[in-house]
Structure formats: C-alpha cells, structure tokens
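Before any comments, here is the structure.
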Protein chains: 4
Amino acid sequence: MTQTVLPTFINLPLAKQEKIVAAALAEFADKGYQQASINVMVASSGIAKGSMYQYFKDKKGIFLYIFDFAISLVRRTLVQVKETTQEADFFTRLEKSLLAGVEFIRQHPRIYAIYLKILFDQHVPQRPQLLKAVRQFAAEYFQSLVRQGLERGEIRADLPGPVATFLLDALFDRFLQATCVPFFDVTLGLDQAPPEEIEHRVKELIDLLRQGLAS
Amino acid sequence: MTQTVLPTFINLPLAKQEKIVAAALAEFADKGYQQASINVMVASSGIAKGSMYQYFKDKKGIFLYIFDFAISLVRRTLVQVKETTQEADFFTRLEKSLLAGVEFIRQHPRIYAIYLKILFDQHVPQRPQLLKAVRQFAAEYFQSLVRQGLERGEIRADLPGPVATFLLDALFDRFLQATCVPFFDVTLGLDQAPPEEIEHRVKELIDLLRQGLAS
Amino acid sequence: MTQTVLPTFINLPLAKQEKIVAAALAEFADKGYQQASINVMVASSGIAKGSMYQYFKDKKGIFLYIFDFAISLVRRTLVQVKETTQEADFFTRLEKSLLAGVEFIRQHPRIYAIYLKILFDQHVPQRPQLLKAVRQFAAEYFQSLVRQGLERGEIRADLPGPVATFLLDALFDRFLQATCVPFFDVTLGLDQAPPEEIEHRVKELIDLLRQGLAS
Amino acid sequence: MTQTVLPTFINLPLAKQEKIVAAALAEFADKGYQQASINVMVASSGIAKGSMYQYFKDKKGIFLYIFDFAISLVRRTLVQVKETTQEADFFTRLEKSLLAGVEFIRQHPRIYAIYLKILFDQHVPQRPQLLKAVRQFAAEYFQSLVRQGLERGEIRADLPGPVATFLLDALFDRFLQATCVPFFDVTLGLDQAPPEEIEHRVKELIDLLRQGLAS
DNA sequence: AATGAATGAGAATTCATTCAT
DNA sequence: GATGAATGAATTCTCATTCAT
C-alpha cells in the first residue's frame, strides 16, 4: 500500500488539519467519492488547491485519510460502549449499544453518511478493504455480545449463532439508517421523530428481541 | 407533472427500446444518477447522442423513465407472489416472499442496484417521491402480511404492529442486500453463497422469526 | 439567384401559409437570423419539421421569404401614404409620414424588429442586398419629398439636398426606434409614452424642422 | 452585484490580458452575445478553454467585462473632447464632437459594433442597465452642450430643450452609424467615403444645424 | 406531400491534476 | 512549503439538415 497522506499534512498545525478534515468530510458525506469536488473542499477550508496536493497524493488519498479518521472514531466509541456495559445483561447491552449508535449519528452524521455512500458505490477506491474493515468490526461486536450472552445463559442455547448475529446486525443497522436517512423509514417515521420517541422505539425493539431470543 | 419520456421513444421498435433501456439501466445502476454518463449510454446502445434527446427531455427524464420501468416490474412481481401464496400460513408466506426477492435480484440485479443508489444519494431528482413510492409499497406489503397473520391467529396478539413490520422489513431488505452487495455481509457471506446455501439461510431466518413471533 | 421558396409552399392553403409566416416572423424578430430556431417555428405553427423543408430550401430560404413578405408590406404602406398626402405641403407630408411610420410599427412591431436585426448583423444572409433594398427605398422616399418641396418653394433653395435627405432619414428612423426599442431613448422616453404624447412630440419635431428648413 | 471578472485575470501579465480582451471583443463585436463562441475566443487568444473560466465566471462575465472595458474607453475619450473644447462656441463644439466620434470609431470599430449589437438584441444579459449607462451618458453630453449654448445665447431661446437634445443625439448617432455600418447609408455613402469627404459632410451637417438652431 | 426520427458537430461549463514561482 | 494559474478531457444539451416511410 503506497503512501496517500503525505508527511506534510501530519506536520500541519492541528487546527489547520481539522479544518481540512472537516471540509473534506462534509463534501464526501454530501456527494460521495466521485462527485465530491476538491474545489469545494479547498474553498471551504481556506487553503490553496495546490496545498491539498502537498498534503495528499490525490483525491483517493484524501478520501482514504478521511475514512481512516472516521473509522477510528467509530472504533473508539464502540470500544468505550463495550467497556462501560461490561457488567450488564445481554439485552441491556443491546439497548445501550443501540442508543449509543443513535447518539453517535446525532453527533457525527457525516461519518455515517460516508459509510452509507461507500456501501453502495462500486467505484469508491479500495471499497472492498474499507468495507471489510467496517463490517468485520460490526460483526465481531455482535458476535462477542452473542457469545457472552450464551455463556451467561441469557439467550437460548439452540440459536444458530451466525443467523442471530446477522439478525442483530441487520436490525441495528437499519434502525440507525431509519433515524437519519430522510424518507427511508415510512413504518415508524424515525427520521422525523423526537429523541424520546426514538428511545421508546428502541425499548420496543429490544423487547421484541428478548421475546425471541431470551432463554 | 411534465412529460419526460417523449412519444418518440414509445413509438420506437421494441427491440430498440429495450437496448436503450438496458444501456441506461446498466449505467445508472453502476454509477448512480449524477455520475452516469449519457455518452456511455448512447455508445453502448448504438444510437446517436442527439437521438437520446429525441426520446427523453433530458437526463432526468431518462432516469425517471428507467425508474418507472423498474418499479412497475417490482410491483408486478410482488403482486404475483402475494397472490400465489394467498393460502399459505404467515411464516410460509414470509419464506416464499424472501425467496422471491432473492430470485428477483438474481434476475434483475441492476434494478435493485438503482434502488440502493437512490436510497442514499440526496441529489437524485425527485428522490423523496421515488423513495416514498418504493418504501410505502414494501411497508404495505409487510403490514398486510402481519395483519392477516394476526387475524388467523398465527402470530402473537401482543405484538406492537409497527415494530414487527419494521423488523420484517429490515431483516428482509438487509438479507437481500447481503446476497447482492459485494463485501457487505461478513457474517453469513451470502454474497458469494450458492443458491442452496442461501435457501438454507432463509429457512434458518424464518425459523428464528417463528420462534419470536409465533403465537 | 437560386430558388429558396419552393412551389410547395405557394400551393398551400392561405391559412396555413399565414400561420407559418407568422411563426417565422415572430421567431426571427425575437432572436435574429442565426439565433432563431426552426424547432420553435414548426412547433408554433403546428407543422412537421420535415414539412418546413418541403416549403423552403433551408433556413436562409425561410428568412428571405419572410423578408420579402415584410418589405412588400412596408412598400405598400408607404406608397399609400405618399399618395394620400400628394396635395399637402412639405411639412405636413413629413408629419403624416412620421405618424404613419409610428402607426405601422404599432401594428407590425415584428417587421420593424427584423429590419433592426438585419441592420447590425453581418451574418444575415444576403444582408447587403436586403439592406440596400430597404435603405434605397427610404432614401428615395425622402428624396422625392425634398425634391417636391423645393419645386414648390416650400423649403429653402440653398440646402445641400443629400444632407437634408440624410437628416430627415436619420431623424425619422431614430424617432421610430425610440418608440419601440426599450431603454433606447432616455431623452424623450418615447418607448413608454402614450399615443397622444408621441403625437405631440411629432409636432414639436416637425416644427423644429420647419424652422430650420422652411424657406 | 456578484463578481464576474476573477482576480486571476487581473493578475495576468498585461500582454496576455490584452490578447484575451482583443479576442473576446472581436468575437462579441462580430457575432453578438449569444452567437459569440468561447471556443473561438480561446483559439484566437491562444489559451486553453479551461483558462477562460479561471479568468471569468462564465460567458456573461466575459461579456460584462468587455463592456466595462469598452465603455470606460468611450467615457475617457468623450470627457477629453468636452474639456479641450470648453472655450469654443456651441456649433464648433458640435463639430469637434462629431469629428472625435468619427475618429473614435475609426480606431475602435469593434467597440461601436458591440454597442450596436446590445441596442437591438433583447437577450443580451443586463441589457437594460448596460444600455441605460450608454444612453444616459450620451444624453447628458448633449444636454450640457445645449444648456451652455443657451446660456451663452448661441442658440435660439425658444427651443424645446428635450427635442433639440433628441435631434442632436439622433443625428450624431446616425452619422456615426453611417460611417461604419456597411450598406447602411445610401444617401451620402459615408461607409466608403475617404476621411476628407467625411469631414466635408460634417461641416455641411453642422451648417444645417446652425441654420436651424442658431439665435 | 407530409412526416418526424436520426444525426453529429458544436455549444457552455466543470474538474482533477500539474507545475512554475 | 505554499500557491494558484494552466490544462484538456469530460460533462449535458441544442439544432439545422437529411431521409425513409
């Protein structure tokens, strides 16, 4: 893997780095990879166009850096959720995780938007690797939850593990999409719902899962 | 609503229409709305650039026509599934529906790809309306299944209907995505799975649902 | 000179001819020669595009026909003015002529617009000939008025004839332009003036001429 | 008023600026706004197509810049004429002004051509404003001449001021058109006349005016 | 005679990338 | 290291003209 962020960028004052990252993040989130305009990024971060090419090899380089930045934020957040819910029972952990997801998207909507863009755009550079990184991460998270739930006897022992993991992953991902993709969810109307209604729906969903999965 | 397909196109020999639709469908499915190139479409359908504009008002017009074409195919398919499974019990109907979905995507992968592109691209023309059309349709499908399941006493009476519908919709949509979006599903690996494995996974998933929802 | 109107057009029912002429006239008057769109003409006259080419050799042919149509209307009108004012004195004839011009433009604004377009567009086909036809006509009109005025002793005998003709031509043309070209005339504001004000200005102008030219 | 010339253009070496201005001026003067081709401009100024868009926002921006450039040249010239003839009597000033006009057009024929194009093309961007700028300027010039002529008692006191101004404006404008618009003037044939003949005609015209307007 | 589909050159504009200063 | 001007290929769309039906 050749270098895509150049050391020049790393040596930049943090404030400048942040400005550039914010601009690029916003543009990629809004338009997707191909459609994102470097012109827009440099204009809104107040740097010269040539400078962008001092910091990154090319458009791909910018994108990969932004992606790295984003995923490590996700990772840090999820690790923290995992740790702070260590002691809770399986279904409580699920609930806390889902609420944490909702909160994360509320605070970093652009990061989630980029993930969604990558998901369905075949032409994003290195899409397979990037996607694998995210999906693997999510899968492992749910696997570990399910494994612990089984060990503690909180969920039925006869479950086919992978399918259960799939189910959790699917429901959670879709729930999050429903909260932030306009016009997507017509069943619960989550994209327009106030926080307290979302929390209520989280509880309902977890209850439903409990009825299906609890031992 | 102004006209976007011109009569010229409708009067074309069917073979030519199909070639053009195929080319446009392929391009939109591959690249999304903005990134799709009319140049590519005309090249691969073997017509002159100007001709495209005899057939459609503009790029948006091509897109909307393709979308209409796609959604009416989906609708016809789903209606047929609904009718042929009229007599079956709730969970069997679910299974049949999901299998039909898998089959539809196998036969029309590009249509599903376009739907996914619309879903997450804020800049698709008339996205709200288009999306509403699709999502409403799906929601009603599941609602009617759930309603009938309740009436027949096949599923638990204490279910919060909307959440159950949401759950079905989410699981099915995600299952379908898993079968056709490369690198998306790392849990079951459905995107690379042979038909018989997919059928097996369908059964497992339906079983899981049965355990959670059956009365 | 090769044929540009084809006999096909001449054989058309008059109503159809008129519709086509009206549409072409409107389009050329609005946009000028190059910028005028045959598409627009056929759309607004309700005929097929191919038919236009049955009637005229090409765009140039349409234009030349329209021009001929227009100039013969002008000619007929001016001849009539000349005849009906035969007996009046020089300055009365001037006044009547100018008022007739104002009236003509009020009734056929598009014809005057086409003339103005030709005047300053080097790329109008056959511009030299067309322009000569119009200008010669106007010049002769004023020359004959001046000649008669001299013969009758109504205007000073020491006038350099050509310059006087030039002066009349210039004033009249500009006065007409002032009444119909928006934003052109900021001195008298004739483009927005009601008929009675225009008539008043005509009188003033003729008075001024009388003071300068009368014997 | 949004920016239309970009600073990039202003920072260019003067020689390059001039080449581009010359090319654009020539093209607009020849074809008018709509029909002028940016392709032609860049080809004849030897720059890349994309560069034009570094210099100007869009075609309108090029045009407005050229117009500004042109009108300020006109203004400077006329101001100078006014100042250097301060002491002369009314009719001498008229003569000097007209001669200066003739000379200006001889040296900058394209600028006058652009003015004429704007005059009669309804679709020129910002035509009302542009036209107002030019016409107001001309009107004020003649008004101030007439006013001074009246104050000094060089012209008749009973003249209706606006009509006199109109007359001067009309005659001068038309005289200038006659010298540079081919085939326009068939009375005096000024478009083909040698300088000394034009000067002679100027004298004749001024004499005629003197006879009509002098006190 | 009437039609209208087919064509392709040309229009304005955008954009990632390079490179001299 | 920072700059921003230069580039040219790509984009969508228009239009006069031809020609088979």
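Contact map, region B:144-158: residues that are assigned to a strand (DSSP E or B) paired with residues that are among the small types (G, A, S), Cβ distance under 7 Å, separation 6+ or inter-chain. Pairs shown: B:I155/B:G149; B:I155/B:A214; B:I155/B:S215.
For region A:156-182, a residue qualifies if it is surrounded by fewer than 17 Cβ atoms within 10 Å (Cβ to Cβ) and under 20 Å from the mean Cα position of the chain (by Cα), and exactly one does: A:P182. Within region D:101-120, can one find any residue that is over 18 Å from D:L168 (Cα atoms) and assigned to a strand (DSSP E or B)? No, every residue in region D:101-120 fails to be over 18 Å from D:L168 (Cα atoms) and assigned to a strand (DSSP E or B). Selection over region D:157-169 of residues that are more than 8 Å from chain C (Cβ to nearest Cβ) and out of contact with any Lys or Arg (no Cβ under 9 Å at 6 or more places or on another chain) gives a count of 3. Scanning region D:170-211 for residues that are more than 8 Å from chain C (Cβ to nearest Cβ) and of a type in the set (V, I, T) yields a total of 4.
Among the criteria (1) over 30 Å from D:V202 (Cα atoms); (2) more than 14 Å from chain C (Cβ to nearest Cβ), the one D:Y33 does not fulfil is (2). Among the residues of region C:19-45, which ones are outside any helix (DSSP H, G or I), of a type in the set (G, A, S) and surrounded by fewer than 18 Cβ atoms within 10 Å (Cβ to Cβ)? Matches in region C:19-45: C:S37 only.
Considering only residues in region B:196-215 that are free of Cβ contacts under 8 Å to residues at least 40 places away in the same chain and not acidic (D, E), the one that is surrounded by the most Cβ atoms within 10 Å (Cβ to Cβ) turns out to be B:R201.
Tally the residues that are aromatic (F, W, Y) and either modelled with pLDDT of 95 or more or within 15 Å of C:F91 (Cβ to Cβ) (or both), restricting the search to region C:128-163.
We begin by selecting, within region C:128-163, every residue aromatic (F, W, Y); these are C:137, C:141-142.
Among the residues that remain, those that are also either modelled with pLDDT of 95 or more or within 15 Å of C:F91 (Cβ to Cβ) (or both) are: C:142.
Looking only at that region, the number is 1.
Within region B:17-61, being touching a Phe, Trp or Tyr at 6+ places or on another chain (Cβ under 7 Å) and touching a residue at least 40 places away in the same chain (Cβ under 8 Å) holds for B:V21, B:F28, B:Y33, B:Y55, B:F56.
Residues being more than 15 Å from DNA strand F (Cβ to nearest atom) and surrounded by fewer than 19 Cβ atoms within 10 Å (Cβ to Cβ): count how many of those fall in region A:53-67. Going through region A:53-67 one residue at a time, the tally reaches 1. Of everything listed in (1) of a type in the set (D, E); (2) over 20 Å from A:A139 (Cα atoms); (3) within 21 Å of the chain's Cα centre (by Cα), the single unmet condition for A:E87 is (3).
One line per residue, one yes/no per condition, for (1) polar (S, T, N, Q); (2) within 15 Å of DNA strand F (Cβ to nearest atom):
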position	(1), (2)
A:T8	yes, yes
A:L14	no, yes
A:G46	no, yes
A:S51	yes, yes
A:L78	no, no
A:V81	no, no
A:L94	no, no
A:G101	no, no
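Looking at C:V81, C:V74, can you tell me which residue is in a helix (DSSP H, G or I), away from DNA strand E (no atom under 16 Å from the Cβ) and touching a Ser or Thr at 6+ places or on another chain (Cβ under 9 Å)?
On the way: C:V74 fails: touching a Ser or Thr at 6+ places or on another chain (Cβ under 9 Å).
The unique qualifying residue is C:V81.
Name every residue in region D:119-143 that is more than 10 Å from chain C (Cβ to nearest Cβ) and either β-branched (V, I, T) or without any contact (Cβ under 8 Å) to a residue 40 or more places away in the chain (or both), in order of residue number. The one that is more than 10 Å from chain C (Cβ to nearest Cβ) and either β-branched (V, I, T) or without any contact (Cβ under 8 Å) to a residue 40 or more places away in the chain (or both): D:V124.
Taking the condition of being away from DNA strand F (no atom under 15 Å from the Cβ) and more than 21 Å from B:Y33 (Cβ to Cβ), how many residues in region A:25-43 meet it? The number of residues fulfilling the criteria is 1.
Suppose we keep only residues that are more than 14 Å from every other protein chain (Cβ to nearest Cβ) and farther than 22 Å from A:L130 by Cβ within region A:43-52. Which one would you say is nearest to DNA strand E (Cβ to nearest atom)?
Only one residue tops the list, namely A:S51.
Among the residues of region D:90-106, none qualifies, meaning not one is away from every other protein chain (no Cβ under 13 Å), over 13 Å from the mean Cα position of the chain (by Cα) and small (G, A, S).
Quick grid of which residues meet (1) in a helix (DSSP H, G or I); (2) closer than 25 Å to D:E83 by Cβ:
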{"position": "D:A139", "(1), (2)": "yes, yes"}
{"position": "D:T165", "(1), (2)": "yes, yes"}
{"position": "D:L171", "(1), (2)": "yes, yes"}
{"position": "D:Q177", "(1), (2)": "yes, no"}
{"position": "D:P182", "(1), (2)": "no, no"}
{"position": "D:D185", "(1), (2)": "no, no"}
{"position": "D:I206", "(1), (2)": "yes, yes"}
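Within region A:8-31, is there a residue that is more than 11 Å from DNA strand E (Cβ to nearest atom), at pLDDT 95 or above and in contact with a strand residue (DSSP E or B) (Cβ under 8 Å, 6 or more places away or on another chain)? Taking every residue of region A:8-31 in turn, at least one turns out to be more than 11 Å from DNA strand E (Cβ to nearest atom), at pLDDT 95 or above and in contact with a strand residue (DSSP E or B) (Cβ under 8 Å, 6 or more places away or on another chain).
I'd like to know if region A:108-118 contains one or more residues that are touching a residue at least 12 places away in the same chain (Cβ under 8 Å), closer than 26 Å to A:D191 by Cα and of a type in the set (D, E, K, R). Yes, region A:108-118 contains a residue that is touching a residue at least 12 places away in the same chain (Cβ under 8 Å), closer than 26 Å to A:D191 by Cα and of a type in the set (D, E, K, R). Within region C:94-145, can you find the residues that are among the basic types (K, R) and surrounded by fewer than 21 Cβ atoms within 10 Å (Cβ to Cβ)? Those that are among the basic types (K, R) and surrounded by fewer than 21 Cβ atoms within 10 Å (Cβ to Cβ): C:K96, C:R106, C:R110, C:R127, C:K132, C:R135. Checking each residue in region B:29-88 for being in contact with a Lys or Arg (Cβ under 7 Å, 6 or more places away or on another chain) and of a type in the set (A, V, I, L, M, F, W, C) picks out B:A29, B:I38, B:V42, B:V81, B:A88.
The values are calculated or read from the model by the stated rules, or taken from the named source; none is laboratory data. Worth saying up front: this structure is predicted, and the values here are computed from it rather than measured. All Cβ positions, glycine included, derive from the backbone under ideal geometry; neighbour counts span all protein chains shown.
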